[in-house]
Amino acid sequence: MDIESIWQAYIAKLKGFLHSKVSNPDDVDDLLQEILIKIHQHVGTLNTEEKLKPWLFTIARNVIIDFYRQQGRRRDLTEDDLWYESGSILDQHPLSDCIEPIIKGLPSDVAMLLIAVDLEGKSQKKCAQELGISYSALKSRVQRGRVQLRSLFESCCHLELDRHGNVIEYQTKSTFCQRC
């Protein structure tokens, strides 16, 4: 099979397919070139011409997937991403003294998980192995614990959060919080 004839027969269809999945025309052109390189490298693996079209579109689909994976990893940093730069999160925020006492107000099994994962930085996979439970079960427990923790915080304070869920402002609801 001649690569030039394959390319001439399918370039318009491949380009249309790429345009349906990628909005930037420059990226489409780059991806077309990447597809051409992959065709050239792997044309020997194609056994019959009957499978040519599905083979080409599989290559195109995989190139698109790789493109979006790379885009996800190459995110530009914003000031919000760098707010913690001058020290630990717990060292900076006025509510940091309240975190541990409020966590300890949760049921002991939930408190233990949140302390291990969120305060000590232990991986959830490692915690799941140590406790002898599935990773997904532990993730669910941690998420439910975080919801309970937030509820306890909100019983003491009105919280204003940024788009990442970080506390940017708070106001106590009473003159004295019982927990911290």
What are the pairs with Cβ atoms under 8 angstrom where one residue, in the stretch 141-160, is polar (S, T, N, Q) and the other, located anywhere, is open to solvent by 80 Å² or more (accessible area, probe 1.4 Å) and modelled with pLDDT of 85 or more? Sequence gap at least six, or different chains.
none
Mind listing whichever residues of the stretch 94-123 are of a type in the set (A, V, I, L, M) and in a loop (DSSP other than H, G, I, E, B)?
95, 106
So, in the stretch 1-11, of the ones that are touching a residue at least 12 places away in the same chain (Cβ under 8 Å) and not hydroxyl-bearing (Ser, Thr, Tyr), which residue ends up farthest from residue 71 (Cα to Cα)?
1
Any chance the stretch 78-86 includes a residue that's β-branched (Val, Ile, Thr), modelled with pLDDT under 90 and surrounded by 11 or more Cβ atoms within 10 Å (Cβ to Cβ)?
no
Would it be correct to say that residue 113 is at pLDDT below 85 and open to solvent by less than 60 Å² (accessible area, probe 1.4 Å)?
no
Take the stretch 12-56 and flag every residue that is in a helix (DSSP H, G or I) and farther than 24 Å from residue 69 by Cα.
12, 43, 44, 45, 49, 50, 51, 52, 53
Yes or no: residue 43 β-branched (Val, Ile, Thr), more than 20 Å from residue 2 (Cβ to Cβ) and open to solvent by less than 50 Å² (accessible area, probe 1.4 Å)?
no
Those residues of the stretch 91-110 which are at pLDDT below 90, open to solvent by 70 Å² or more (accessible area, probe 1.4 Å) and not polar (S, T, N, Q) amount to 91, 94, 97, 100, 104
The stretch 138-160, residues that are open to solvent by less than 90 Å² (accessible area, probe 1.4 Å) and more than 19 Å from the chain's Cα centre (by Cα)
145, 148, 149, 151, 152, 153, 154, 155, 156, 157, 159
Could you grab me the full set of residues in the stretch 129-180 that are in a strand (DSSP E or B), of a type in the set (A, V, I, L, M, F, W, C) and at pLDDT 75 or above?
157, 159
If you take the residues in the stretch 24-37 that are surrounded by 15 or more Cβ atoms within 10 Å (Cβ to Cβ) and of a type outside the set (Asp, Glu), which one is farthest from residue 7 (Cα to Cα)?
28
Among (1) loosely packed, with under 13 Cβ neighbours inside 10 Å; (2) out of contact with any Cys (no Cβ under 8 Å at 6 or more places or on another chain); (3) in a helix (DSSP H, G or I), there is one condition residue 126 misses while meeting the rest; what is its number?
(1)
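The values are calculated or read from the model by the stated rules, or taken from the named source; none is laboratory data. These numbers come from a predicted model, not from an experiment. Every residue, glycine among them, receives a Cβ derived from its backbone with ideal geometry; neighbour counts consider all protein chains shown. SASA here: full protein model, heavy atoms, side chains in, ligands and nucleic acids out. Shrake-Rupley method; radii C 1.70, N 1.55, O 1.52, S 1.80 Å.
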